Amino acid sequence: MNLCNPIIELSDIRLRYGQEQIFSNVSLQVCRGDFMAVSGPNGAGKTTLLRILLKLLKPTSGRVTYFDAQGKPTKRLPIGYLPQKSGIDIHFPITVRQMVLSGLITGWGLRQPADAEQRLGEVSERLGLEPFLHKPINALSGGQLQRSLLARAIISQPEVVVLDEPLSYVDKHFEQQIYHIVADLAKSSTIILVSHEMTVISGMANKHIIVNRGVEVCQNTHHGPRSPYAALKYHNRE
């Protein structure tokens with residue numbers, strides 16, 4: 001029997017927009033070390049669920065609780081977030097370099113660590129960002145912007161990585177690279193990933209959350225540890 005060391009917990013979440021009930025009595029526990037895949041039809045509320053989990057959207061009622069490594073409630077939890085492209089203001093006057101480095105600035109201290117440049121170099125090389133680090137983000141293609149946003153999400157090596165459709169706009173070459181990056185992240189971080197492409201992701205995840213019509217969240221837990229790399233090897237043989 002696997003015991004859960006919770007890192008995020010949603011309790012009795014309800015969300016209503018006007019007369020429309022989006023979520024009703026949703027409770028969900030994310031355990032430390034989980035790789036949680038989230039799927040569901042368009043408009044079902046997947047991104048809305050993530051925004052509640054990230055405390056970017058306040059539910060009508062219910063509670064979101066973060067926990068530290070000792071299992072005690074905490075207000076601070078290092079989270080890296082890759083939003084959908086539609087949630088980004090591409091006309092904001094910022095370069096790729098500045099945007100990626102902003103992932104190292106916490107709301108608690110507004111300071112970058114001493115190894116910021118080293119981290120920038122490593123993540124830029126891994127995601128192929130070097131040629132356009134000094135470009136404004138409005139000059140990027142969809143795939144380049146997606147890779148830049150992923151770099152911002154992971155540069156701080158956060159405890160939790162939340163990825164909303166990370167494969168959007170990415171070509172096949174970098175799609176494989178992102179799969180491997182996510183597999184590496186899963187070694188040390190808790191992963192919550194929304195995707196329409198579950199062929200590989202479902203094999204990498206140990207939990208699968210289905211958001212259906214924005215009302216019901218179903219949780220299916222695989223028994224035993226899953227290897228993200230095993231899923232990748234199987235996919236690459238296809």
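A short reminder: the numbers here are calculations on the coordinates, not readings from a lab. Because the structure is a prediction, the values reported are computed rather than measured. We place every Cβ from the backbone using ideal geometry, glycine too, and count neighbours over all the protein chains shown.
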### Message
Based on C-alpha coordinates, I'd like the Rg and Dmax of the range 88-158, in Å.
### Response
11.5, 33
### Task
Sum -39500 (n - 2.57) across every DSSP H segment of at least 4 residues in the chain, then divide by the residue count to get the 222 nm mean residue ellipticity, nearest 500.
-8500 deg cm²/dmol
### Task
Give, as a single signed number, the net charge of other residues whose beta carbon lies under 14 Å from the beta carbon of L167, with Lys and Arg counted +1 and Asp and Glu -1.
-2
### Task
Pick out which of Q70, Q157, Q98 has the largest mean-square fluctuation in a Gaussian network model of the chain, springs linking Cα atoms closer than 10 Å.
Q70
### Summary
Here D for the chain, in µm²/s, from Stokes-Einstein with a Kirkwood Rh over Cα pairs at 37 °C and 0.692 mPa s, works out to 177
### Query
How much of the calculated P(r) for the range 1-137 lies past 19 Å, in percent of all Cα pairs?
64
### Summary
Filtered hits (lysines, Cα-Cα < 20 Å from K187, offset >= 8 within chain) -> K207, K233
### Message
Give me, ordered by chain and number, the residues 5 or more places off T74 or on other chains with an amide H under 5 Å from its own placed amide H.
### Response
Y66, F67, D68
### Query
Over the chain, what relative contact order in percent results from Cα pairs under 8 Å that are six or more residues apart?
27
### Query
Roughly speaking, what is the centre-to-centre gap between the range 132-162 and the range 54-74 when only Cα atoms are used, to the nearest Å?
26
### Query
Looking at the range 37-115, which chymotrypsin sites (Phe, Trp or Tyr not before Pro) are DSSP coil and have at most 15 other C-beta atoms within 10 Å of their C-beta?
W108
